Every structure is written in structure tokens, then in C-alpha cells.
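Have a look at the structure below before the remarks.
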Amino acid sequence: MPFNLKGYKIFIASPSGLEKEREAFAKEIDTYNINEALPRGIFFQTVGWENTLPGMGRPQSLINKDLIQCDFFILILHDKWGSHPGINEKMQLLELKKNLELLLIVIKKKICQ
């Protein structure tokens, strides 16, 4: 018999090197869905950069489009952030600034709903 679910998307972000941590977090969400959320009519879908379909444009721009569609944002950090060491510090700061601006857009979007 069909039933209704209220769905929420959770974007899990992290620098490279934390793939295992992202996977562990996604597995915890899956377990929570089965044991707690689904019986209450709720479902949490995890989303990450690895789920972004390839397309035209800069990869980060495509990821940003996916991020804007999410209801929650989880950032996992450890001992590094930003692009690979070959990029200069000014570019890392620019990347961080753009991501913070995008996060503010997402927050404003959710507050104004």
C-alpha cells in the first residue's frame, strides 16, 4: 500500500582524503532512516560531490547547483581544506569565500520559505 514520505536532502562536504568519513556518515543516515525516520514518515537522502552528474561548466559550479537543492549541509574537516597544494593561498581563500557565499544563499533561501 502506498504511503507518503517527507524527504530531506543532506549535502555532505569534505576535502579529499575524507572519503571514508563521508561514507560512514552516509551509512549512519541510512541506519537512522531504517530505524527512526521511515517509521515516522521521513526520509533523509545524502548527497555529495560524487553524486553530481558531469556536465558543461566548471565542476564546482555543478556541485553548487546540487548544494542549493539540499535542506541540510554537513561539512567534515580534519587537517586540510581547499584545493590541492599546487594552488596558491589566494586561490584557496577565494574558493572558501565563494563556498561561504553560497552557503549564505542556501541559508537565506531556507529562512525565506
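Here LYS9 clears all of (1) within 14 Å of the chain's Cα centre (by Cα); (2) over 14 Å from PHE72 (Cα atoms) except the condition numbered (2).
For (1) in a strand (DSSP E or B); (2) within 14 Å of ILE74 (Cβ to Cβ); (3) not small (Gly, Ala, Ser), each residue gets a yes or a no:
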residue: PRO2; (1), (2), (3): no, no, yes
residue: GLY17; (1), (2), (3): no, no, no
residue: LYS20; (1), (2), (3): no, no, yes
residue: GLU23; (1), (2), (3): no, yes, yes
residue: GLU28; (1), (2), (3): no, yes, yes
residue: TYR32; (1), (2), (3): no, yes, yes
residue: ASN35; (1), (2), (3): no, no, yes
residue: LEU38; (1), (2), (3): no, no, yes
residue: THR46; (1), (2), (3): yes, yes, yes
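You will find that of PRO85, PRO15, PRO39, the residue that is at negative phi, at pLDDT below 80 and exposed (fewer than 12 other Cβ atoms within 10 Å of the Cβ) is PRO85 and no other.
Going by the conditions given, is GLU50 assigned to a helix (DSSP H, G or I) and at pLDDT 85 or above?
Details: assigned to a helix (DSSP H, G or I): yes; at pLDDT 85 or above: no.
Against the criterion (assigned to a helix (DSSP H, G or I) and at pLDDT 85 or above), GLU50 does not qualify.
What residue, among those in the range 18-36 that are of a type in the set (Lys, Arg) and over 17 Å from LEU67 (Cβ atoms), is modelled with the highest pLDDT? The qualifying residue modelled with the highest pLDDT is LYS27.
The values are calculated or read from the model by the stated rules, or taken from the named source; none is laboratory data. This is a predicted model, so every value here is computed, not measured. Counting neighbours? That spans all protein chains shown, and the Cβs are built from the backbone with ideal geometry, glycine included.
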